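Enquirer: Got a structure here, written out as structure tokens. Questions coming.
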Ligand code: ADP
Ligand code: ASP
Ligand code: MG
């Protein structure tokens with residue numbers, strides 16, 4: 001039988017009404033195919049858990065406690081709206097939700113007393129969002145007569161011990177998925193899997209990185225040989241740019257996997273990048289739907305789909321420029337810099353060289369004074385913060401001379417300095433690094449000039 005791996009994002013899990021909408025979507029599918037559901041945390045909850053972690057590191061136990069209460073109240077309210085009466089809500093709260101909230105409080109309060117919080121504990125705290133939201137989805141499904149079972153994904157998704165962005169062990173994950181999920185399918189029960197979470201070989205909780213529930217859904221699709229992945233989110237599929245910034249962004253009915261992969265790795269938040277890489281590998285189509293707009297037919301992401309273009313911006317980058325005369329005709333300077341950055345476990349994003357300088361960009365959150373000190377020991381270093389990376393993405397886009405000229409002209413007209421430019425050899429990405437405060441203006445102007453719905457219609 002056909003199998004769909006369906007994932008509901010944070011906004012879709014954000015209120016009793018939207019969770020009920022998700023449950024209805026599942027109901028429509030189960031007559032025609034087997035379904036495995038993956039859920040994100042209720043919208044905003046993972047951010048709150050991260051705030052708890054920050055407060056715990058600053059030894060602020062009182063503030064930690066009040067954040068836990070906030071999280072508790074949000075779930076209590078949704079639970080109340082999903083149940084028929086107060087007694088039912090109270091009973092469910094006491095039996096199912098309270099023990100989880102108590103655990104969250106114990107771990108976060110305890111660590112906040114000492115202020116000592118490792119990545120291992122951070123992963124453990126962040127995982128509470130999905131543990132709670134999955135209970136809400138289970139209830140909504142039960143209320144409309146769908147037999148379902150909650151599966152904590154650490155039982156299935158096996159990873160290494162890189163706690164916050166773990167690598168999946170596909171062989172072990174495949175074995176456990178089949179062992180745990182197949183009997184559930186046979187009983188015609190819908191498994192509801194907590195997204196984002198895995199477990200290392202020592203039994204510790206790990207995470208798949210921010211936005212990782214999409215990835216959970218595609219991992220499940222891969223190991224279970226599903227026919228497709230469905231990502232249900234809060235916008236009309238994959239659009240030419242983030243609709244929150246570009247009002248006239250429009251949706252693609254279909255999109256090439258490689259273009260989507262480039263968009264996701266460039267920072268388009270709508271789909272976790274590893275999700276697409278996996279789908280490309282296994283040739284599993286990914287559909288992106290809008291939970292809040294039934295009329296929208298979705299974006300279908302497949303191999304060799306018609307050409308499409310998009311612009312992605314991602315703020316919060318730091319440019320580091322190293323100058324040293326030994327770069328001229330020298331051997332090993334670039335290797336030295338990249339090795340040092342790698343030792344700090346920092347991914348390098350864009351890079352550029354001249355005869356006497358080597359420039360890299362990294363995420364600002366990865367930048368540290370410690371790194372600067374080491375680099376300064378052998379080169380003169382300039383650091384520029386508040387940088388946005390803007391990527392224009394599309395098949396063979398780099399051969400579009402008009403577009404390249406247009407990028408420069410627009411930056412000139414809008415008095416915007418391009419710090420670094422990268423034109424990818426694969427032909428599908430033109431990246432510029434510009435000041436963060438100019439990025440949205442440039443994005444909108446580029447979109448207006450080069451992405452017109454009538455010209456791009458497929
Ligand atoms: P979810 O909680 O459903 O996983 P996310 O917030 O992770 O949702 O991703 C959806 C958001 O991605 C949208 O609300 C939109 O603002 C943003 N986004 C960024 N780039 C794009 C794009 N090219 N197309 C669609 N949405 C985009
Ligand atoms: N809840 C996690 C996050 O906010 C995972 C996800 O939503 O996909 O990053
Ligand atoms: Mg997401």
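Each value in this text was obtained by applying a stated rule to the coordinates, not by laboratory testing. Please read all numbers here as calculations on a predicted model, not as lab measurements. Virtual Cβ from ideal backbone geometry, glycine too; neighbours counted across all protein chains shown.
Enquirer: Taking the chain as the reference, fit the longest principal axis to its C-alpha atoms, fit the long axis of helix 128-143 to the helix C-alpha atoms, and give the angle between the two in degrees, 0 to 90, nearest 10.
Expert: 50 degrees
Enquirer: Along the Cα→Cβ direction, 7 angstrom out, place labels at residue 438 and residue 142. What is the inter-label distance in nm?
Expert: Here the answer is 5.7 nm between the modelled labels.
Enquirer: Let me ask you something else. For the chain, report the convex hull volume of the alpha-carbon atoms normalised per residue, in Å³, without decimals.
Expert: Enclosed volume per residue, from the Cα hull, is 160 Å³.
Enquirer: Would you kindly state how much longer the chain becomes between residue 118 and residue 340 on full extension, computed as 0.36 nm times their sequence separation minus their alpha carbon distance, in nm to one decimal?
Expert: Extending this stretch completely gives an extra 77.6 nm.
Enquirer: Another one. Please compute the modelled spin-label separation between residue 325 and residue 87, points set 7 Å along Cα→Cβ, answer in nm with one decimal.
Expert: So the two model labels end up 8.8 nm from each other.
Enquirer: Here's another thing I want to ask about it. When the helices in the chain are scored as -39500 (n - 2.57) per DSSP H run of 4 or longer and the sum is shared across all residues, what 222 nm value do you end up with, to the nearest 500 deg cm²/dmol?
Expert: Calculated mean residue ellipticity at 222 nm is -13500 deg cm²/dmol.
Enquirer: With just the Cα atoms defining each centre, how far is the stretch 285-330 from the stretch 169-201? Give it in Å.
Expert: So the separation of the two Cα centres works out to 30 Å.
Enquirer: Taking only the alpha carbons of the stretch 192-263, what extent do you get along each of the three principal axes, in Å, biggest first?
Expert: 49, 27, 24
Enquirer: Taking Cα atoms, how many degrees apart are the long axis of helix 170-186 and the longest axis of the chain, rounded to 10 and kept between 0 and 90?
Expert: So the helix axis and the longest Cα principal axis differ by about 30 degrees.
Enquirer: Hey, another quick one. When a footprinting reagent is the concern and you count Cβ atoms within 10 Å, what order do 12, 176, 33 take, fewest first?
Expert: Neighbour counts put them in this order, fewest first: 33, 176, 12.
Enquirer: Mind checking the full-extension length gain between residue 384 and residue 66? Use 0.36 nm per residue of separation minus the Cα-Cα distance, one decimal, nm.
Expert: Net length gain for the segment: 110.8 nm.
Enquirer: Also, quick follow-up: Can you list, largest first and rounded to whole Å, the semi-axes you get for the stretch 99-211 by taking the square root of 5 times each eigenvalue of its Cα gyration tensor?
Expert: 27, 19, 9
Enquirer: Now a separate question. Order these by the 10 Å Cβ neighbour count, fewest first: 415, 349.
Expert: The fewest-first ordering by Cβ neighbours comes to 415, 349.
Enquirer: Over 10 Å intervals from 0, what percent of Cα-Cα pairs in the stretch 325-458 sits in each interval?
Expert: 10, 36, 31, 18, 4, 0
Enquirer: For the stretch 1-126, count the residues as N, evaluate 2.2 N^0.38 Å, and divide the Cα radius of gyration by that value, please.
Expert: 1.24
Enquirer: Tilt of helix 273-282 relative to the longest C-alpha principal axis of the chain, in degrees (0 to 90, nearest 10)?
Expert: 80 degrees
Enquirer: Taking every DSSP beta bridge that has both residues in the stretch 267-391, what percent is antiparallel when rounded to the nearest 5?
Expert: 100 percent
Enquirer: Arrange the following residues from fewest to most other Cβ atoms within 10 Å of their Cβ: 271, 407, 192.
Expert: Ranking 271, 407, 192 by Cβ neighbours within 10 Å, fewest first, gives 407, 192, 271.
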